[in-house]
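Report on the structure given below.
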Amino acid sequence: MKLNTIVKYFLSSILIFFSACIKPCDEALIIGEEVQIPIEFVGFSLNEINGISVCRIDKVSPAQRDSFMMRDILWANEARTNNEIITDRVPTYKVTKKYGDYESYFDNCILIFDWQMGSDTLFDFQIEKSKRQIKGCHKNDPNVQIDKLNFVHVGESISKNQSIRITR
């Protein structure tokens, strides 16, 4: 064998060895945590839950109000039961302000749920998000972490991972 051929085989072997040791990056966008507020709807049908009207009042600018349907902020739940989850997803067809990865549409607001026979309110939302520091190929992705999630429902302070109950 010629020296060139031996060197090529040697370099190819080294390249194969190192490529087996390095985990490939799938380059998928990593968003991170998303705001999830579990709600148990007592006495509601699924159609009634979807049809609840929501009014969002910005506490900094109380004249700024957005109205949309509950279905616009429901978390994708394939089971579709009366135990639902809402999230701070912005109903894009209603809101002109753009919210970044580390901002929340619910921060510093009041949410009023209104249905045919009643209403309920979630007060004083405080949501803080930041970038989770990670290493590797996803270090430049948003990697959102929820640092704070608090609001008041029926006089009780609710925080991250707690649920509420809304009765018809």
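Things to note:
- Rolling a 1.4 angstrom probe over the protein heavy atoms with all chains in place gives the range 89-162 an accessible area of 61 Å² per residue.
- Listed cross-link partners 59/98; 97/135; 98/135; 97/129; 131/160 are compared with a 21 Å cut-off, the Cα-Cα value being larger for 97/135; 98/135.
- Peptides 136-148, 59-71 ranked from most to least packed by the mean count of surrounding Cβ atoms within 10 Å: 136-148, 59-71.
The values are calculated or read from the model by the stated rules, or taken from the named source; none is laboratory data. Everything numeric here is computed off the predicted structure, so don't read it as measured data. Here the Cβ is made from the backbone with ideal geometry for all residues, glycine too, and neighbour counts use every protein chain on show. Only protein heavy atoms, including side chains, enter the accessible area calculation; ligands, DNA and RNA are left aside. Shrake-Rupley method; radii C 1.70, N 1.55, O 1.52, S 1.80 Å.
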